[in-house]
1. Restricting to the stretch 38-84, what's the tally of residues that are among the β-branched types (Val, Ile, Thr), in contact with a Lys or Arg (Cβ under 8 Å, 6 or more places away or on another chain), closer than 30 Å to SER119 by Cα and surrounded by fewer than 18 Cβ atoms within 10 Å (Cβ to Cβ)?
2. Name the single residue, out of those in the stretch 96-118 being more than 21 Å from the chain's Cα centre (by Cα), surrounded by 14 or more Cβ atoms within 10 Å (Cβ to Cβ) and of a type in the set (Ser, Thr, Tyr), that is modelled with the highest pLDDT.
3. I'd like to know if the stretch 178-187 contains one or more residues that are at pLDDT below 95, farther than 20 Å from LEU67 by Cα, in contact with a helix residue (DSSP H, G or I) (Cβ under 8 Å, 6 or more places away or on another chain) and crowded, with 16+ Cβ neighbours inside 10 Å.
4. What's the number of the only condition in (1) part of a loop (DSSP other than H, G, I, E, B); (2) over 13 Å from HIS157 (Cα atoms) that THR91 fails to meet?
5. Would you check which residues across the stretch 173-204 are within 14 Å of GLY51 (Cα to Cα) and of a type in the set (Asp, Glu) and list them?
6. Restricting attention to the stretch 107-130, does a residue exist that is in a loop (DSSP other than H, G, I, E, B), of a type in the set (Lys, Arg) and under 18 Å from ARG178 (Cα atoms)?
Amino acid sequence: MQTLFFFAFTARCGIISLVIRTKGVILSVNGPCEGLFENEVPVLKMLDEAGVPYVRLTHPAADTMELCRGIGEEYGARHPKNLFLSNKHGTEFFLLMMDAEKPYRTSIVSKKLGSTRLSFGSPEQLGEVLGLKQGSVSVLGMVNECALRAYREGKLHAAIDRDVLEREYILVHPNDNRASLVIKTAELMRFLEGMGIAPNVLDI
């Protein structure tokens, strides 16, 4: 079994952690970065099986954009805004990934997505549709079984701001806001395509 060794600097922890990557498993050695969080294990397994390279960073829970600032900056990566939106009747949902510096304007985004005026989905809807908790949302939530089912049924849609796609690297939570993955944006899109997910690309 081939093992790849590399160093990942965790900005929030202020620690250099030795990360040992083997097929299907990633172990972070030293201090608070040791081990994996339960929710991220299925995601990391899927990424490994798809041959998607990434760097895993651990940090204190980052459940807001403000707390996400600075994470991954040494890799030239940053978290986008990840918005879980619902139509008026709660029958159709959207996972929108947009540039972190752009303001969210309901009327503009609703028109771009071709939906009635959108609002933020409730924590209960987020759990039911994406299988996630608030503060842990990212496009990787689309690979959860409930999300894939909703997507295939046309109940859930994915959309990405074109400006996000133009960045070489992106930072995403692997379904847990105590960890972030540095991934090449093109590789992330390839992974989603392999899962049968084709996000709409928007000019916001």
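The values are calculated or read from the model by the stated rules, or taken from the named source; none is laboratory data. Since this is a predicted model, take the numbers as computed values, not measurements. Cβ sites come from the backbone with ideal geometry, for glycine too, and all protein chains shown count toward neighbours.
1. 0
2. Among residues in the stretch 96-118 that are more than 21 Å from the chain's Cα centre (by Cα), surrounded by 14 or more Cβ atoms within 10 Å (Cβ to Cβ) and of a type in the set (Ser, Thr, Tyr), the one modelled with the highest pLDDT is SER110.
3. Within the stretch 178-187, none of the residues are at pLDDT below 95, farther than 20 Å from LEU67 by Cα, in contact with a helix residue (DSSP H, G or I) (Cβ under 8 Å, 6 or more places away or on another chain) and crowded, with 16+ Cβ neighbours inside 10 Å.
4. Among (1) part of a loop (DSSP other than H, G, I, E, B); (2) over 13 Å from HIS157 (Cα atoms), THR91 violates only (2).
5. Across the stretch 173-204, the qualifying residues are GLU187, GLU193.
6. For the stretch 107-130, residues in a loop (DSSP other than H, G, I, E, B), of a type in the set (Lys, Arg) and under 18 Å from ARG178 (Cα atoms): absent.
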